[in-house]
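The values are calculated or read from the model by the stated rules, or taken from the named source; none is laboratory data. Please read these numbers as outputs of a predicted model, since none were measured by experiment. Positions of Cβ are generated from backbone atoms using ideal geometry, with glycine treated the same way; all protein chains shown enter the neighbour counts. We work out accessible area using only protein heavy atoms, side chains counted, and drop any ligands, DNA or RNA first. Shrake-Rupley method; radii C 1.70, N 1.55, O 1.52, S 1.80 Å.
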Amino acid sequence: MQLYHSPTSPFVRKVMVTLHETGQLDDVEIVPAAGTPIDKGSMPVSWNPLGKIPTLVRDEGPALFDSRVICRYLDARAGAGLYPEKRIWEVLTLEALADGITEAAVLMVYESRCRPEEKIHDFWVEGQWAKVARALNVLETRWTSHLVGPLDMGQIAVGCALGYVDFRHGGRDWREGRDGLAAWEAAFAARPAMQATRPPL
């Protein structure tokens with residue numbers, strides 16, 4: 001298999017953590033890719049017409065995207081149980097919540113990266129951060145018992161989302177007032193799979 005990859009993409013990181021946690025890292029060739037919504041660069045548009053990463057190319061079927069589809073496939077391939085049937089709706093909802101945090105945080109980056117400074121829409125940026133903040137509050141107040149349970153894809157997604165917020169928006173101090181979530185993140189970030197996939201500084 002080939003995985004189109006960027007070391008700074010939080011969605012790629014989610015797939016890479018899954019590969020580490022399920023013992024499939026050696027089954028994948030890493031293919032560098034880079035681009036933006038206004039410049040496809042080296043994005044795998046022949047495999048994924050959306051021009052996004054991660055994209056996973058397989059011998060036995062069409063290329064897979066996005067990260068949720070790829071992670072579900074890798075989990076099924078390894079029989080790893082990261083989507084346990086008894087908690088499937090909770091896991092899928094938590095993964096979606098984490099991916100929503102990541103999407104909003106990425107859009108904040110694109111706003112400054114893809115627009116001239118005089119056209120940056122600060123209210124729109126703050127609207128994206130409001131989504132992040134609301135989601136973090138929900139993680140703190142409603143999801144603690146799930147986060148400290150057996151490893152699943154929801155936890156991996158949250159760990160990667162929080163890592164990306166630190167990476168790109170560290171000045172906003174998401175930990176303030178969220179002691180439980182901050183403590184969980186510190187412990188989860190120490191996992192070998194998380195350490196091995198940290199984005200470069």
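Quick check on my filter: what residues within the stretch 111-165 are of a type in the set (Val, Ile, Thr), assigned to a helix (DSSP H, G or I) and more than 20 Å from Arg191 (Cβ to Cβ)?
Listed by number, the residues that qualify are Val125, Val132, Val138, Thr141.
For residues that are among the β-branched types (Val, Ile, Thr) and at pLDDT below 95, scanning just the stretch 69-123, find the one that is nearest to Ile53 (Cα to Cα).
Checking each candidate, the answer is Val109.
Which members of the stretch 67-91 meet the condition of being surrounded by fewer than 17 Cβ atoms within 10 Å (Cβ to Cβ) and on the phi < 0 side of the Ramachandran plot?
Val69, Ala76, Arg77, Ala78, Pro84, Glu85, Lys86, Arg87, Ile88, Trp89, Glu90
Would you be able to tell me the number of residues in the stretch 34-61 that are open to solvent by less than 10 Å² (accessible area, probe 1.4 Å) and either outside any loop (DSSP other than H, G, I, E, B) or of a type in the set (A, V, I, L, M, F, W, C) (or both)? Write out each step before concluding.
Quick first cut of the stretch 34-61, residues open to solvent by less than 10 Å² (accessible area, probe 1.4 Å) only: 44, 48, 54-56.
Checking the rest, the ones that are also either outside any loop (DSSP other than H, G, I, E, B) or of a type in the set (A, V, I, L, M, F, W, C) (or both) come to 55-56.
Total meeting the criteria: 2.
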